Amino acid sequence: MESVQPKAAAAATVSRKRQGSGLLRRMAKRYDLYLMLLLPIAWYLIFNYGPLYGLQIAFKNFNPGKGIAGSEWVGFEHFQRFFESYYFKRLLWNTLSINLFSLLIAFPVPILLALIVNELRSKSFGKWLQNITFIPHFMSVVVIVGILSVFLSPSTGPVNKLIEWLGGEPVRFMESVGWFKTIFISSNIWQNMGWQSIIYIAALSGVNPQLYEAAKMDGASRLRRIWHVSLPGIVPVIVILLILDIGHFMDVGFEKILLMQNNLNLETSDVISTFVYTTGILKGEYSYTAAIGLFNSLINLTLLLLVNRFARKTAETSLW
Amino acid sequence: MRKNWKSYAIGTMVASSLALAGCSSNSGASGGAEPAASTSSAVKASGFPIVDQPIKLKMFTRTAPVNGPFKDMPVFQEYEKMSNVQVEFTEAPTDGFQEKKNLLFASNELPDALYRSGLSQLEATRYGAAGQLIPLENLIDQYAPNLKQLMDQYPEIRAGITTPEGHIYAIPGIVTLDAARTDKKWINQAWLKKLNLKMPETTDDLYNVLVAFRDQDPNGNGKKDELPMTARAPVAGQGLPILAMMSGSFGLDLQFGYNINLENDKVNIWMGNDRNKEMLMYLNKLYKEKLLDPEMFSQKEADYLAKQGSGNTGFFFDQTNNNFLSIQDQYTGIAPLKGPHGDQLQSQGAPVARDFGAFAITSVNKYPEVTMRWIDYFYSDEGSTLLRFGREGENYEVKDGIPYYTKAFIDSGNQSKLTPYAGGGAPHLISEKVASFINPPQVQEAQKKLDPFMPKVRYAAPMFDEATAQKVNILRNDLDKYYEEQSTKFIAGALSFDKWDEFQATLKKLKIDELQQIYQDAYDKMKK
């Protein structure tokens with residue numbers, strides 16, 4: 001999320017106008033700005049493009065003693081192994097479904113929250129609400145998962161105590177196939193909605209107040225004003241954030257899933273990134289998991305391209 | 001969902017370290033051969049110091065949560081003075097150790113040696129074949145008299161650590177003390193006495209005893225808060241501890257460090273057997289009736305140890321009584337339980353070379369001979385005493401020729417901070433002579449109950465050649481994951497036993513037969 005805002009802003013400026021003559025002359029004139037650009041470019045080259053070189057091990061039998069260049073090529077063997085693996089379907093489905101549900105359920109929540117904060121008459125209550133929803137964002141994932149297991153513990157957790165008090169049987173939330181996705185996504189919402197709503201609140205404050213007044217004059221109700229003024233005002237931001245989200249479609253919250261995983265919920269909690277970690281890093285199968293990682297990234301890229309095109313056609317907003 | 005810096009970080013780390021490895025690969029790979037020739041003159045053939053001029057070695061090591069910094073340990077301080085070898089340890093905590101170790105190899109930024117490194121057979125073969133670890137067999141012959149003697153005395157050690165090509169890439173922790181190679185079965189005798197029950201001898205007895213523990217309030221507080229039975233939580237890829245502890249009662253052995261029975265020279269991987277089904281059904285019955293700890297599959301190690309010390313647990317498994325010393329009289333060790341078909345076997349247990357891959361020397365090491373002599377000392381009685389007990393007088397005293405911790409030192413609670421063996425896996429010899437702490441009378445007695453039921457030979461996991469090892473790895477990755485997950489579900493009742501046929505069919509689909517054949521071939525080769 002941190003990186004999303006500057007990216008979004010940059011994207012907006014870039015898309016305005018690109019072509020021009022005498023580029024070099026203008027660059028010379030503003031050389032100090034371009035110098036400042038060097039650092040981020042170097043960062044991207046070293047940390048984002050440099051490692052691309054290592055990707056070739058997905059097509060090799062990587063042997064650390066021989067190095068990347070010295071290892072022998074094996075073509076698509078590792079990909080084939082993954083596609084034929086017993087776990088392929090499950091990993092793909094879990095990764096896709098967790099993301100899909102997150103997108104459907106978690107994406108609209110911060111928008112709703114922003115609209116509510118925007119509509120509140122009492123500014124101090126709005127600030128209070130923002131702060132309350134904001135705080136969980138700053139807790140570490142380890143703490144969050146700890147809180148979850150304490151609250152959902154079948155013997156001592158308050159949630160199960162409540163269920164028992166209401167006459168139900170305690171539920172083993174953390175060790176159940178059926179509950180994993182629900183817990184994962186809803187705790188994500190709880191953790192992130194405040195933080196993610198900031199950008200919408202900022203966008204809402206940029207909507208021209210005259211539009212609201214005009215709507216009021218025309219007798220629009222509060223809901224109508226939200227529907228016809230507020231929402232259209234932030235649609236470009238929504239679309240851009242949506243596209244950015246889809247770009248990360250296959251990277252689920254790796255750490256949190258890993259911490260929440262156990263043998264009993266593996267059927268729904270096993271995702272590509274945790275599989276890559278457990279087989280690749282812990283068992284040293286670099287080539288195999290590089291292939292899986294590459295496959296993961298390819299899906300990401302394809303989805304990003306598709307959604308961007310779709311958004312450009314329908315909402316007339318897009319990343320490029 | 002947008003926040004996943006860690007996976008990025010790891011990905012970038014791996015990728016960039018790989019990129020670095022690519023650049024530096026030439027220097028790394030060629031470094032393997034030369035050092036042996038260049039510096040052999042520096043080392044003395046026997047006696048101390050090992051070298052006249054002090055030298056420095058960098059070693060990578062794992063630290064257990066109970067350990068303090070290695071440089072504060074008396075053994076390394078004393079040994080540095082004795083040997084003139086100064087060791088600088090890079091310490092990685094047990095959590096995340098595997099990750100750091102693999103990155104070390106992947107990036108080819110190697111230390112001189114890996115101490116307490118927990119290398120697996122596959123890792124030793126893989127990194128040995130890649131030239132990152134150097135072969136040790138000749139060094140052992142020339143510079144490791146203590147280790148060599150142990151290997152002659154217990155031939156299975158050499159068989160268990162030598163690759164089919166005849167190389168030894170890693171040396172193990174050696175445990176000649178039976179009691180240190182298997183968990184005991186501890187039962188709460190105070191509760192048995194209070195409820196007037198006799199010691200359970202069969203699995204059915206155990207069931208009845210556990211029911212009594214659950215229902216008849218043995219701790220006498222009027223509440224049904226007793227925990228009849230618990231076990232360690234599973235670690236992914238290493239099997240379910242509860243199965244290892246109970247399988248002997250159902251005629252299921254654990255040879256070759258895997259779910260394997262050996263009958264008439266036939267290797268039998270028993271995961272799809274009916275006996276295994278019976279065991280899982282038995283455990284499922286215990287679990288369903290709340291006799292088995294419901295937190296067993298998710299608890300942390302610390303939780304498990306706390307349950308041992310609470311005195312409120314009826315039946316559990318551990319190697320020693322360290323964790324419940326203060327209430328040790330409440331517990332006693334029992335023999336393996338006789339199963340429905342009369343089987344009574346202590347199936348869980350390690351070979352004499354208990355900790356495979358405890359120590360290895362890398363290709364960047366300029367003094368392999370010195371390093372080998374350095375580590376060899378710990379395979380002697382004197383060296384292992386220094387390692388486990390520290391300084392005489394200050395940390396231990398000798399009674400009847402056997403070292404014991406001084407009472408003051410034990411009471412100080414510093415014992416596990418000052419020895420690298422606490423936390424397991426250190427490369428050294430554990431024998432009767434240095435085992436006073438892990439083998440107190442109560443543990444010896446518990447071991448005696450198990451002795452008649454230990455298998456005659458315990459085969460360590462076989463060493464495969466690199467290609468076969470890779471194949472075994474691929475097969476076991478999927479199979480073990482599947483077996484662990486499904487067993488957990490069968491026990492917890494999340495999967496019905498109606499699905500047993502499907503379970504067997506999937507095992508077949510995951511090529512369990514092929515794996516069995518590979519182990520059979522390895523066994524046949526070993527027998528010849």
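So, A:ASN99, is that one of a type outside the set (D, E, K, R), buried (at least 18 other Cβ atoms within 10 Å of the Cβ), more than 12 Å from every other protein chain (Cβ to nearest Cβ) and within 30 Å of A:ASN188 (Cβ to Cβ) or not? In short, no. B:ALA467 meets the conditions (1) open to solvent by less than 50 Å² (accessible area, probe 1.4 Å); (2) free of Cβ contacts under 8 Å to residues at least 12 places away in the same chain in every case but one. The failed one is (1). A:ILE147 falls short of the stated requirement of being surrounded by fewer than 17 Cβ atoms within 10 Å (Cβ to Cβ), touching a residue at least 60 places away in the same chain (Cβ under 8 Å) and within 30 Å of A:LEU244 (Cβ to Cβ). Looking across the range B:257-294, the residues that are in a loop (DSSP other than H, G, I, E, B) and free of Cβ contacts under 8 Å to residues at least 12 places away in the same chain come down to B:ASN264, B:PRO294. Taken together, B:GLY339, B:GLY357 contain a single residue that is within 14 Å of another protein chain (Cβ to nearest Cβ) and crowded, with 23+ Cβ neighbours inside 10 Å, which is B:GLY357.
Okay, residues lined up against (1) buried (at least 17 other Cβ atoms within 10 Å of the Cβ); (2) of a type in the set (Lys, Arg); (3) in contact with a strand residue (DSSP E or B) (Cβ under 9 Å, 6 or more places away or on another chain); (4) modelled with pLDDT under 90:
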{"position": "B:ALA21", "(1), (2), (3), (4)": "yes, no, no, yes"}
{"position": "B:THR61", "(1), (2), (3), (4)": "yes, no, yes, no"}
{"position": "B:PRO69", "(1), (2), (3), (4)": "no, no, yes, no"}
{"position": "B:VAL85", "(1), (2), (3), (4)": "yes, no, yes, no"}
{"position": "B:GLU88", "(1), (2), (3), (4)": "no, no, yes, no"}
{"position": "B:ALA92", "(1), (2), (3), (4)": "yes, no, yes, no"}
{"position": "B:GLY96", "(1), (2), (3), (4)": "no, no, no, yes"}
{"position": "B:LYS101", "(1), (2), (3), (4)": "yes, yes, yes, no"}
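Can you find a residue that is within 14 Å of chain A (Cβ to nearest Cβ) and either open to solvent by 30 Å² or more (accessible area, probe 1.4 Å) or of a type outside the set (S, T, N, Q) (or both) anywhere in the range B:440-457?
So far as the range B:440-457 goes, no, none of its residues is within 14 Å of chain A (Cβ to nearest Cβ) and either open to solvent by 30 Å² or more (accessible area, probe 1.4 Å) or of a type outside the set (S, T, N, Q) (or both).
Here is a yes/no grid of residues against (1) assigned to a strand (DSSP E or B); (2) surrounded by 23 or more Cβ atoms within 10 Å (Cβ to Cβ):
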site	(1), (2)
B:TYR127	no, yes
B:PRO135	no, no
B:LEU139	no, no
B:GLU156	no, no
B:PRO172	yes, yes
B:LYS185	yes, yes
B:ALA190	no, no
B:LYS193	no, no
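Restricting attention to the range A:78-96 and to residues that are away from chain B (no Cβ under 11 Å) and open to solvent by 10 Å² or more (accessible area, probe 1.4 Å), the residue that is farthest from A:SER197 (Cα to Cα) turns out to be A:GLN80. When we screen A:SER230, A:SER187, A:SER205 for residues that are open to solvent by less than 20 Å² (accessible area, probe 1.4 Å) and away from chain B (no Cβ under 14 Å), the only hit is A:SER230. Considering only the range B:236-248, how many residues are more than 18 Å from the chain's Cα centre (by Cα) and either at pLDDT 95 or above or not in a helix (DSSP H, G or I) (or both)? Residues in the range B:236-248 being more than 18 Å from the chain's Cα centre (by Cα) and either at pLDDT 95 or above or not in a helix (DSSP H, G or I) (or both): 0 in total. You will find that of B:ASP513, B:ASP498, the residue that is out of contact with any Asp or Glu (no Cβ under 7 Å at 6 or more places or on another chain), within 20 Å of B:LEU262 (Cα to Cα) and open to solvent by 30 Å² or more (accessible area, probe 1.4 Å) is B:ASP513 and no other. Residues that are in a loop (DSSP other than H, G, I, E, B) and either at positive phi or aromatic (Phe, Trp, Tyr) (or both) do not occur anywhere in the range B:514-526.
Rundown of residues vs (1) of a type in the set (S, T, N, Q); (2) within 30 Å of A:GLN80 (Cβ to Cβ), yes/no style:
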position: A:ALA215; (1), (2): no, no
position: A:ILE226; (1), (2): no, no
position: A:VAL235; (1), (2): no, no
position: A:LEU259; (1), (2): no, no
position: A:GLU267; (1), (2): no, yes
position: A:VAL276; (1), (2): no, yes
position: A:THR279; (1), (2): yes, yes
position: A:THR289; (1), (2): yes, yes
position: A:LEU294; (1), (2): no, yes
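Note on the range B:257-281: residues that are in contact with a helix residue (DSSP H, G or I) (Cβ under 6 Å, 6 or more places away or on another chain) and open to solvent by less than 30 Å² (accessible area, probe 1.4 Å) amount to 10.
Can you tell me how many residues in the range B:158-170 are part of a helix (DSSP H, G or I) and either within 14 Å of another protein chain (Cβ to nearest Cβ) or in contact with a helix residue (DSSP H, G or I) (Cβ under 6 Å, 6 or more places away or on another chain) (or both)? Final tally of qualifying residues: 1. Candidates are the residues of the range B:475-509 that are small (Gly, Ala, Ser) and assigned to a helix (DSSP H, G or I); the one that is farthest from the other protein chains (Cβ to nearest Cβ) is B:ALA505. Taking the range A:262-287 as the range and being more than 24 Å from the chain's Cα centre (by Cα) and either more than 11 Å from A:HIS78 (Cβ to Cβ) or within 8 Å of chain B (Cβ to nearest Cβ) (or both) as the test, the residues that pass are A:ASN263, A:LEU264, A:LEU282, A:LYS283, A:GLY284, A:GLU285, A:TYR286.
The values are calculated or read from the model by the stated rules, or taken from the named source; none is laboratory data. It should be emphasised that the depicted structure is a prediction, and the values quoted were computed from it without experimental measurement. Glycine gets a Cβ as well: all are built from the backbone with ideal geometry, and neighbour counts include every protein chain shown. Please note that ligands, DNA and RNA were not included when accessible areas were found on the heavy atoms of the full protein model with its side chains. Shrake-Rupley method; radii C 1.70, N 1.55, O 1.52, S 1.80 Å.
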